[in-house]
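Have a look at the structure below before the remarks.
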Amino acid sequence: MRSSPIKISSMKIGLVLILGMGLAFVVLWSLGGGDRWVAAAPAERSLPAAATVRYVKPDGTDTGRCSTPETACRTIQYAVNGASAGDEIRVATGIYTDLHPYRIDLSQTITQVVRIWKDVTIRGGYTPANWGTPSPADNPTVLDAQGRGRVIYIKSDIAPTIEGLWITGGAAAGLGGGPEGTKDVGGGVYATAGQAVLRDNRVFSNSAAYGGGLYVGFGSATISGNTVTSNTAEQGGGLYLDESAATLSGNTVGSNEADYGGGLFLSKGAAQLDDNVVVANTVITRGGGLLLWRSDEAVLNFNRVVSNTAGYGGGLYLDESPSTLNGNTIAANVAGEGGGLYFDRSAAMFTSNVVADNRADTAGSGVYILASSPLLLHSTIVRNAGGDGRGLYVTDDGKYASDVDLTNTILVGHEVGVNVTSGITLVSRATLEATLWGTGAWANTTDWSGAGLIVTGSRNYRGDPDFVAPDVGNFHIGVLSAALDRGVFAGVRDDMDDDPRPQGKGYDLGADETGLALSKHASPRLVAPGGQVEYTIRLTNTSDVNLTAVITDVLPEHVTPHGGTTWGPVSIEPGQVHVEMLVVTVDAGYTGPLTNVVEVTTDRGAGGTCVETSESGIYVHLPLVMRDG
């Protein structure tokens with residue numbers, strides 16, 4: 001659970017102050033019903049005006065300042081030409097197909113619907129009757145280049161905002177702009193070396209050699225809430241990020257096509273991708289959903305990479321990319337090799353991810369590891385099929401062997417859990433510690449195989465993972481899972497939902513940490529003898545079932561009251577936080593530690609213990625003496 005509502009009750013001893021605040025955020029995704037995907041539309045909102053507001057509508061006139069609704073321009077380009085930095089350009093619903101050539105040097109002219117070289121905001125979704133509150137879904141503002149040029153060109157070293165536009169029909173053929181100037185890039189949007197903000201746009205049916213929908217070169221663009229679909233390219237059908245530190249969040253990238261990197265291509269960059277949906281993209285070769293090439297510092301958190309298709313790496317392909325992947329779900333992807341993902345000479349950090357229900361025609365139904373040394377911590381690798389039916393396939397490239405470490409893993413439901421190969425001189429290795437291999441319907445036919453070196457460690461478990469709803473893509477574990485409390489410390493503090501680890505009595509195996517998150521806090525941490533301490537006990541139900549809890553708090557000996565205090569039974573719903581608070585008074589003559597022990601038990605077996613130690617002591621104030629000379 002990424003965030004939770006809060007339920008508070010109190011026991012009042014002395015003075016008690018309670019403050020509760022909750023924020024709920026839900027992401028739903030499904031692999032059932034034809035691999036459907038749904039992205040939530042952005043909420044409408046009234047936005048403050050910029051320094052000067054300029055207006056554009058299809059029947060406007062390109063004269064004057066366009067600074068009133070009655071004197072609106074006809075083209076966005078005219079409004080940009082007359083704008084100053086900080087101005088806002090509001091664009092009414094309609095289809096804008098006007099093209100504007102611009103000579104960038106003696107040898108090249110570029111053509112686009114709008115060229116931006118100022119820090120302006122361009123916002124769509126208005127109507128001539130309502131210039132106050134934009135609604136892009138109800139009032140489409142369509143910029144259509146009709147295959148005769150780009151849609152939007154953003155000059156380098158600026159920070160414009162593009163919001164609520166439909167960007168389509170862009171074609172970058174003959175316009176160049178790519179790495180070393182040799183490729184035509186950015187059919188829908190071209191932006192380099194700046195801090196552009198692209199928010200809540202629809203980018204569809206554009207084409208280029210690199211970045212059919214968007215090309216972002218260098219800079220640190222912010223790309224959020226966009227839908228990028230049905231674009232085509234040689235590389236990066238939806239987006240191409242070239243040595244960029246862009247931030248992408250909450251975007252849906254779907255049904256794009258390319259030779260490499262169907263949804264996204266990340267080249268030598270430090271981009272961060274959070275909470276995006278990458279779905280149903282297709283490539284001929286590598287990286288159906290995403291391809292990362294020499295992207296050492298790229299970070300992917302909490303993304304859903306589902307139903308993509310490739311020759312190699314159906315969901316993701318990491319090529320010489322020691323990137324960081326945390327809390328992602330990689331599911332229902334298809335490839336010749338590496339149905340879910342493919343590590344190629346990549347020492348990636350792979351933490352709290354789910355790799356499930358992927359298929360490969362030949363090898364590596366879930367994960368293909370070639371000449372790589374990734375570190376897989378708290379992985380859930382489940383029911384990947386097709387080809388050799390191996391959850392993980394670990395091999396060499398003829399020059400370098402693979403060396404993979406897996407800690408706290410759920411590895412179930414395969415023909416072979418992990419296969420490690422050995423060549424004549426190269427011996428690949430897989431080292432596992434704390435693994436759930438499954439039983440019954442979740443058992444692997446063979447847990448491990450191959451002539452390579454396989455070290456399974458001292459903690460091997462066989463039991464039911466108790467997934468909540470695996471047939472609709474929910475691989476959270478239930479409170480009866482054999483993975484509960486079986487893990488070892490691996491330096492991982494959060495799970496696939498950003499819930500804290502551990503909960504209960506130990507670390508859970510796999511991507512999900514379930515049960516009750518228990519904490520207790522003393523305030524102040526240092527109290528004078530005779531003073532008061534306020535204790536706050538917080539329980540979070542991170543499971544997917546209701547839990548009925550009994551809370552027992554053994555208070556320190558030198559406080560009033562002391563001894564045991566019990567609450568409950570209390571019912572805590574999934575995702576809910578329950579808080580108990582009380583105030584105690586420290587004995588007047590006591591100095592020393594105040595140790596408090598809280599224990600929780602539930603009707604479903606989940607529980608835990610928390611020890612909180614504060615201190616009773618005397619504050620000493622030393623005077624500051626200043627001397628002349």
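Quickly work out the Ile424-to-His562 label distance, labels modelled 7 Å from Cα along the C-beta direction, and quote it in nm with one decimal.
The answer from the label model is 7.7 nm.
Top to bottom by accessible area (1.4 Å), largest first, where do Tyr153, Tyr126 land? Please report the intermediate quantities before stating the final value.
Details: Tyr153 40, Tyr126 0 Å².
Largest accessible area first, the list is Tyr153, Tyr126.
Of Tyr240, Leu106, Ala191, which is farthest towards the positive pole of the chain's charge dipole, taken about the Cα centre with +1 and -1 on the beta-carbons of Lys, Arg and Asp, Glu respectively?
Of Tyr240, Leu106, Ala191, it is Leu106.
Amide H of Ser543: which non-local residues (sequence gap of 5 or more, or other chain) have their own amide H closer than 5 Å, using H built in the peptide plane?
Gly515, Gly575
With a 1.4 Å probe and every protein chain left in place, tell me how much accessible area Lys268 has, in Å² to the nearest 10.
90 Å²
More than 14 angstrom separation, counting every C-alpha pair in the range 357-420; what % is that?
Working: 1053 of 2016 pairs.
Here the tail beyond 14 Å accounts for 52 percent of pairs.
In whole angstrom, how far apart do the alpha carbon centroids of the range 485-552 and the range 182-223 sit?
43 Å
For a protection proxy built on the mean count of beta-carbon atoms within 10 angstrom, sort 469-482, 489-502, 196-209, 389-402 highest first, please.
Values: 469-482: 19.4, 489-502: 17.5, 196-209: 24.8, 389-402: 22.1.
Answer by packing, highest mean first, reads 196-209, 389-402, 469-482, 489-502.
Given the -39500 (n - 2.57) contribution per DSSP H run of 4+ residues, what per-residue ellipticity at 222 nm results for the chain, rounded to the nearest 500 deg cm²/dmol? Don't jump to the answer; show the numbers that get you there.
On the way: 2 runs with 11 residues, N = 629.
Helix contribution divided over all residues of the chain: -500 deg cm²/dmol.
Using each residue's phi in the range 543-554, evaluate 6.51 cos²θ - 1.76 cosθ + 1.60 at θ = phi - 60° and report the 3J(HN,Hα) Karplus result to the nearest Hz, with x for Gly and Pro.
Running phi through 6.51 cos²θ - 1.76 cosθ + 1.60 with θ = phi - 60° gives 7, 10, 10, 5, 10, 9, 10, 10, 10, 10, 10, 8 Hz.
Taking each pair of distinct Cα atoms in the range 105-185 once, what is the resulting Kirkwood hydrodynamic radius in Å? Before the final figure, lay out each step's value.
On the way: mean 1/r = 0.0707 Å⁻¹.
Its Kirkwood hydrodynamic radius stands at 14.1 Å.
Find the eigenvalues of the gyration tensor of the Cα atoms of the range 322-477, then list the square roots of 5 times those eigenvalues as equivalent ellipsoid semi-axes, largest first, in whole angstrom.
On the way: eigenvalues 98, 52, 45 Å².
Over the Cα atoms of the range 322-477, the ellipsoid semi-axes are 22, 16, 15 Å.
Can you work out the FRET efficiency for the pair Ser107 and Asp62, with r the C-beta to C-beta distance and R0 = 35 Å, to the nearest 0.05? Don't skip to the answer; put the middle values down first.
Values: r = 29 Å, r/R0 = 0.83.
So, using R0 = 35 Å, E works out to roughly 0.75.
Give the Rg (one decimal place) followed by the Dmax (whole number) of the range 429-564, computed from C-alpha coordinates and expressed in Å.
20.0, 69
Using the heavy atoms of the protein chains alone and a 1.4 angstrom probe, what is the accessible area of the chain per residue in square angstrom? Walk me through the numbers before you get to the answer.
Values: 24740 Å² over 629 residues.
Ligands and nucleic acids excluded, the result is 39 Å² per residue.
Could you work out the relative contact order of the range 127-253? I mean the mean sequence separation of Cα pairs under 8 Å and 6+ apart, divided by the number of residues, in percent. If you can, show how the numbers build up before the last one.
Details: 392 pairs, mean separation 26.0, N = 127.
Across the range 127-253, relative contact order equals 20 percent.
In the chain, what percentage of the DSSP-assigned beta bridges are antiparallel, given to the nearest 5?
25 percent
Starting from the Cα-Cα distance between Asp296 and Asp138, subtract it from 0.36 nm times their residue separation and give me the gain in nm to one decimal.
Numbers: separation 158, 0.36 × 158 = 56.88 nm, distance 4.13 nm.
Answer, rounded to one decimal: 52.7 nm.
Over the Cα atoms of the range 397-471, each weighted equally, I'd like the Debye log10 I(q)/I(0) at q = 0.11, 0.12, 0.22 Å⁻¹, rounded to two decimals.
Reported log10 I(q)/I(0), two decimals: -0.31, -0.37, -0.96.
Using the Karplus equation 6.51 cos²θ - 1.76 cosθ + 1.60 (θ = phi - 60°), what ³J(HN,Hα) coupling, rounded to whole Hz, does each residue of the range 277-286 give in order, writing x for Gly and Pro?
10, 10, 9, 6, 8, 9, 10, 6, 10, 10
Give, in nm to one decimal, the length gained when the segment between Lys505 and Thr591 is fully stretched (0.36 nm per residue of separation minus the Cα-Cα distance). Display every interim value, and only then the final one.
Working: separation 86, 0.36 × 86 = 30.96 nm, distance 3.12 nm.
27.8 nm is the gain from fully extending Lys505 to Thr591.
As an exercise, use a Förster radius of 45 Å and the Cβ-Cβ distance of Thr446 and Asn546 to find the FRET efficiency, rounded to the nearest 0.05.
On the way: r = 38 Å, r/R0 = 0.85.
Efficiency computed from Cβ-Cβ geometry: 0.70.
Taking the convex hull of the alpha carbon atoms in the range 209-298, what volume per residue do you get, in Å³? List each step's numbers first, then the result.
Working: hull volume 5.8 nm³, N = 90.
That works out to 64 Å³ per residue.
Contact order normalised by length for the chain, with contacts defined as Cα pairs under 8 Å and 6 or more residues apart; what percent is it? Each step should come with its number before you reach the end.
Working: 2191 pairs, mean separation 45.5, N = 629.
So the answer I get is 7 percent.
Counting only protein heavy atoms and a 1.4 Å probe, tell me what percentage of the chain's accessible area is made up of carbon and sulfur.
Working: 12810 of 24740 Å².
Carbon and sulfur atoms account for 52 percent of the accessible area of the chain.
What is the dipole size for the chain, taken about its Cα centre, with +1 at each Lys and Arg Cβ and -1 at each Asp and Glu Cβ, in debye to the nearest 20?
Details: 41 positive and 64 negative charges, 231 e Å.
I would put it at about 1100 debye.
Determine, for the chain, the count of lysine pairs separated by eight or more sequence positions (or lying on different chains) whose alpha-carbon distance falls under 29 Å.
Taking the Cα cut-off of 29 Å, the pair count is 13.
For His521 paired with Ile284, estimate the spin-label separation in nm (one decimal), with each label point 7 Å from Cα along the Cα-to-Cβ line.
Going by the 7 Å Cα→Cβ label model, 5.7 nm.
The values are calculated or read from the model by the stated rules, or taken from the named source; none is laboratory data. Since this is a predicted model, take the numbers as computed values, not measurements. All Cβ positions, even for glycine, are placed from backbone atoms using ideal geometry, and neighbour counts span all protein chains on display. What goes into the accessible areas is simple: the full protein's heavy atoms, side chains included, and nothing from ligands, DNA or RNA. Shrake-Rupley method; radii C 1.70, N 1.55, O 1.52, S 1.80 Å.
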